[in-house]
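Written below as structure tokens is the structure these notes are about.
The values are calculated or read from the model by the stated rules, or taken from the named source; none is laboratory data. Treat the numbers as computed from the prediction; the structure is a model and nothing was measured. As a convention, Cβ positions derive from the backbone with ideal geometry for all residues, glycine included, and neighbour counts pool all protein chains shown. Just the protein is used for accessible areas: all its heavy atoms, side chains included, with ligands, DNA and RNA removed. Shrake-Rupley method; radii C 1.70, N 1.55, O 1.52, S 1.80 Å.
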There are 2 protein chains.
Amino acid sequence: MRRRSTLKEVAAALDLSVATVSRALGGYEDIAPQTRQRVAEKARELGYVPNTAGRMLVSGRSGFVGLVLPVRGPNFVDSFLGQFVTGLGEGFVAKGVDLMIATASPGQSELDVLKHLVHSGRADGVVLTRIAEEDERVKFLLEQRFPFVLHGRLSSDSAHYSWLDTSGEAAFAQAFQELYALGHRHFGLVTIEESMTFRRDRESGLQMAIAEADDPTVRLSVARSPRFDEESHRAAISELLEREDRPTAIIGLFDELALMVMRQAQELGLSIPEELSVVGFDDVPAASYSAPGLTTFDQATRESAREIADMLARLVGGEAQAPLSRLKVPRFIARGSHGPAPQGARPRIRQI
Amino acid sequence: MRRRSTLKEVAAALDLSVATVSRALGGYEDIAPQTRQRVAEKARELGYVPNTAGRMLVSGRSGFVGLVLPVRGPNFVDSFLGQFVTGLGEGFVAKGVDLMIATASPGQSELDVLKHLVHSGRADGVVLTRIAEEDERVKFLLEQRFPFVLHGRLSSDSAHYSWLDTSGEAAFAQAFQELYALGHRHFGLVTIEESMTFRRDRESGLQMAIAEADDPTVRLSVARSPRFDEESHRAAISELLEREDRPTAIIGLFDELALMVMRQAQELGLSIPEELSVVGFDDVPAASYSAPGLTTFDQATRESAREIADMLARLVGGEAQAPLSRLKVPRFIARGSHGPAPQGARPRIRQI
DNA sequence: CGTGACTTCTAAAACGTTTTAGAAAATGTG
DNA sequence: CACATTTTCTAAAACGTTTTAGAAGTCACG
């Protein structure tokens, strides 16, 4: 591997001191214009690029910002991550910051990874996703006074740190309203048990909208999948679909669940949306390829990530001080999986 | 932000020299066991973590490996990236290497990003995806003798560098054979114009399988989408579907194309797989949610990425020398989108 | 006790950069 | 010309680590 040229070499080639070269390149005022010119030329000629390590050492900054990857089951697929990383990359590059991805090794917790990241000085800031309701990572970062931005937010304390969130409340309230207006009165919700903030927000948005409707005929049946795997989800969904009084509209906490609802409903011979309306959240690519297309909400992940990057870069660079925050409203994407509530007697499950 | 403790502080607390502390922590033989013990304890007590910049400077290594993100259109979605990044993360963490993501800023080429990465010493190695047939990035890296691993491979030279590839030839040959065995004789291929190596491999796999069948009744109709956007794809597919002698089986260069074929065919009133068989490549999540499920090939992206990470870490760490390479065979995933060729007269496009 | 051979430790240099404090040179002023 | 001022440059220190070369101490042995 070819060695790269250093400040010393540029200085030697011009018979100047390294200090002068450094300051010339840094655009300082006390360097004669002519000298600055010469230095710039020679630096280009020699292909000089400042060495990162040298800079890091003296500045105390790494120029990196970390993303701690959530620990994932072996078969977990996730359209979110690619978009998120792309957006972060775009946002950071505009600020001259680089993105590093920190992964937990087997047996290591996300918190361990975070601690190492903070203490080793490999990053100047960090972005966290999938926030739990009592998130120890947030506590740690606050203690350390280490810059961070959350994708999501805690219920308490949200004034003390920076975050960007997509309002799950607003979305699920809207989902309810759209379906209510179409005549639905018995709602199903397929959700998870993990205490993630996004779960809490979406669920409470739905609850509040129901309360607000103030209609005693409205009912909500909730199916909770205890573990984060397909089998567990499938069982929870079956429970909801096969009960005697099946809801006429089912909302999935996220698209994967909604898509599974559609698939399982179709396996039972139900036609969507005539006999069952389904709504999801996220707008994953699969949502537009399913038949019928899944009605859902667009999080604009990539754009959010870009904004998060921008916020964090400003925090790290000292451009912004106090906590920054931003709440986005997801966009309703009406496709074919929802429609008017079935009339009259509840259709029975057809035999196939 | 709390300052982290340094070697000097640990040394002072024990009344030892920094050298001794460094060597004790490094497990050198010429440190008395008792001293080693004391140092280890004190280091733990003070929460000492070696500073990255200091290490980088003296070792000449950054401990980072880069992934240069392909430049993407604003609406490009890509289930590949998330899996790939996850796999790389998993692979690198096992080797004590960190992953950095380098993104091109607007107007910058991937090659520029790569050059900066190499010259700034921010990374010790790099992984490249989406290899073009004449890839200038590969040329540059070879010139620089900078360690890298390709996801994919060039046709020429493949002995001179390291790569991991999933055999597109094998997959497309198999796709042909499966469909041929089901009676199909007129094949359609929806592909792109860009000169990517994966395109060339898959296309030539198909051609070779056709040649090998040595059956004069076999025909292949190719539709090439000139640009990488949905509109262009749609037009290419329409051309294939609406021609007088429509193929009975259409293969998409990748799943997105195959899924679009399915959707457009269904819009034309064709039933799949009775009137048209469709096969894709990649096994994106949407492939399992479409109706019918898309028959495709599984690349095992995450696992491949893990292997790539392992290869590159070995190259960077000096464990492995010469070029490493590995060719994987994708797994055929038979779902519902392919079946026996329609009998007798070619069914006409139904009016809807 | 003197010598050599170990064992255990350390001073100092090196990595490449930025910054501080001040030197040297050029210019202006009386 | 002498002095002050301004402009332009530089030596040296600092960041935190690893490594090299060697010092100091200990021990065994004749």
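Of note:
- Pick from segment B:269-285, criterion in contact with a strand residue (DSSP E or B) (Cβ under 7 Å, 6 or more places away or on another chain) and within 29 Å of B:Met100 (Cβ to Cβ), ranking: farthest from the other protein chains (Cβ to nearest Cβ): B:Asp282
- The strands (runs of 3 or more DSSP E) found entirely in segment A:277-340 that carry 2 or more residues being among the β-branched types (Val, Ile, Thr) and touching a helix residue (DSSP H, G or I) at 6+ places or on another chain (Cβ under 9 Å) are A:277-279.
- For segment B:196-268, the helices (runs of 4 or more DSSP H) that sit wholly inside it and include 1 or more residues that are in contact with a strand residue (DSSP E or B) (Cβ under 7 Å, 6 or more places away or on another chain) and open to solvent by 30 Å² or more (accessible area, probe 1.4 Å) are B:197-213, B:230-242.
- Only residues that are open to solvent by 40 Å² or more (accessible area, probe 1.4 Å), outside any helix (DSSP H, G or I) and within 11 Å of DNA strand C (Cβ to nearest atom) were counted in segment B:30-64, giving 3.
- Contact annotation: residue pairs with Cβ atoms under 7 Å, 6 or more positions apart or on different chains, pairing a residue in segment A:38-55 that is farther than 24 Å from B:Ala53 by Cα with a partner that is part of a helix (DSSP H, G or I) and away from DNA strand C (no atom under 13 Å from the Cβ), are A:Arg38/A:Leu14; A:Val39/A:Leu14; A:Lys42/A:Leu14.
- A:Phe80 being in contact with a helix residue (DSSP H, G or I) (Cβ under 7 Å, 6 or more places away or on another chain), touching a residue at least 40 places away in the same chain (Cβ under 8 Å), in a helix (DSSP H, G or I) and open to solvent by 10 Å² or more (accessible area, probe 1.4 Å): yes
- Subset of segment B:18-29 that is small (Gly, Ala, Ser) and more than 8 Å from DNA strand C (Cβ to nearest atom) - its residue that is nearest to A:Gly318 (Cα to Cα): B:Gly26
- Candidates are the residues of segment B:286-299 that are out of contact with any strand residue (DSSP E or B) (no Cβ under 8 Å at 6 or more places or on another chain) and surrounded by 23 or more Cβ atoms within 10 Å (Cβ to Cβ); the one that is farthest from B:Gly339 (Cα to Cα) is B:Ala286.
- Residues in segment B:89-128 that are assigned to a loop (DSSP other than H, G, I, E, B), open to solvent by 40 Å² or more (accessible area, probe 1.4 Å) and more than 7 Å from chain A (Cβ to nearest Cβ): 6 in all.
- Check on A:Gly27, more than 30 Å from A:Glu303 (Cβ to Cβ), part of a loop (DSSP other than H, G, I, E, B) and open to solvent by 70 Å² or more (accessible area, probe 1.4 Å): no
- Checking each residue in segment A:144-158 for being open to solvent by 10 Å² or more (accessible area, probe 1.4 Å) and over 15 Å from A:Gly66 (Cα atoms) picks out A:Gln144, A:Arg145, A:Arg153, A:Leu154, A:Ser155, A:Ser156, A:Asp157, A:Ser158.
- Looking across segment B:5-37, just one residue is touching a residue at least 24 places away in the same chain (Cβ under 8 Å), among the small types (Gly, Ala, Ser) and within 18 Å of A:His119 (Cα to Cα), and that is B:Ser5.
- Residues in segment A:300-342 that are surrounded by fewer than 16 Cβ atoms within 10 Å (Cβ to Cβ) and aliphatic (A, V, I, L, M): A:Ala322, A:Leu327, A:Val329, A:Ala334.
- Conditions (1) outside the structural domain of A:Val68 (by TED's automatic domain parsing); (2) on the phi < 0 side of the Ramachandran plot; (3) not charged (D, E, K, R); number of the one not met by A:Gly183: (2)
- Among the residues of segment A:1-42, the ones that are among the small types (Gly, Ala, Ser), more than 9 Å from DNA strand D (Cβ to nearest atom) and closer than 28 Å to A:Ala123 by Cα come to 3 in all.
- Strands (runs of 3 or more DSSP E) completely within segment B:146-194 that count 1 or more residues being over 20 Å from the mean Cα position of the chain (by Cα): B:186-192
- Residue match in segment B:2-17 (condition: closer than 21 Å to A:Thr52 by Cα, within 14 Å of chain A (Cβ to nearest Cβ) and more than 13 Å from DNA strand C (Cβ to nearest atom)): yes
- Exclusive hit being charged (D, E, K, R) and more than 23 Å from A:Ala265 (Cα to Cα), set A:Asp229, A:Asp214: A:Asp214
- Among the criteria (1) of a type in the set (Asp, Glu); (2) within 19 Å of B:Lys115 (Cβ to Cβ); (3) within 16 Å of DNA strand D (Cβ to nearest atom), the one A:Glu45 does not fulfil is (3).
- Residue within segment B:285-301 that is in contact (Cβ under 8 Å) with a residue 60 or more places away in the chain, touching a Leu at 6+ places or on another chain (Cβ under 7 Å), polar (S, T, N, Q) and within 17 Å of B:Val85 (Cβ to Cβ) present: no
- Flag if A:Ser155 is hydroxyl-bearing (Ser, Thr, Tyr) and within 14 Å of chain B (Cβ to nearest Cβ): no
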